[in-house]
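> There's a structure below that I have some questions on.
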Amino acid sequence: QVQLVESGGGLVQAGGSLRLSCAASGRRTFSGYTMGWFRQAPGKEREFVAAISWSGGNTLYADSVKGRFTISRDNAKNTVFLQMNSLKPEDTAIYYCAASRSVVSGAREAYDYWGQGTQVTVSS
């Protein structure tokens, strides 16, 4: 079992930046998991944002965030990060951290554990 807690969300103006964090705890070793970020806007499906392999050597991004968002992890601190730059109003959503025992993937069904989410609001 893995528990995930997101933080770092908030209100920011368009063009601004935020850094989300996701702290993991539990009996299983964090470093063995692929970690991902997803988001869900009101009235929309939850969508993939970014993922990172257990070693940090392999990353995957949604086309909508490529070049603006960066995912990273610190296995010593059991934490994964999402640096979000050049934010746009369409980035407004609840952002969820997730852990997977599979290879890097953008598929929701590949992820076994989910956090409660953190709200990101980008004003125009």
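> So how exposed is residue 114, as accessible area in Å² (1.4 Å probe, rounded to 10)?
Using a 1.4 Å probe on the heavy atoms, I get roughly 80 Å².
> Continuing with the same structure: Could you provide, to the nearest whole Å², the per residue accessible area of the chain with probe 1.4 Å?
Normalised by residue count, the accessible surface of the chain is 51 Å².
> Let me ask another. Counting alpha carbon pairs within less than 8 Å and at least 6 residues apart, what relative contact order, in whole percent, applies to the chain? Before the final figure, lay out each step's value.
Numbers: 319 pairs, mean separation 44.1, N = 124.
The value is 36 percent.
> Specify the inter-centroid distance of the range 1-51 and the range 100-124, based on alpha-carbon positions, in whole Å.
Using only Cα atoms to place each centre, the spacing works out to 6 Å.
> How big, on average over all directions, is the shadow cast by the Cα convex hull of the chain, in nm²?
Values: hull surface 27.0 nm².
Projected area, direction-averaged: 6.8 nm².
The values are calculated or read from the model by the stated rules, or taken from the named source; none is laboratory data. Fair warning: this is a prediction, and the values are worked out from it, not measured in the lab. With ligands, DNA and RNA removed, areas are computed over all heavy atoms of the protein, side chains included. Shrake-Rupley method; radii C 1.70, N 1.55, O 1.52, S 1.80 Å.
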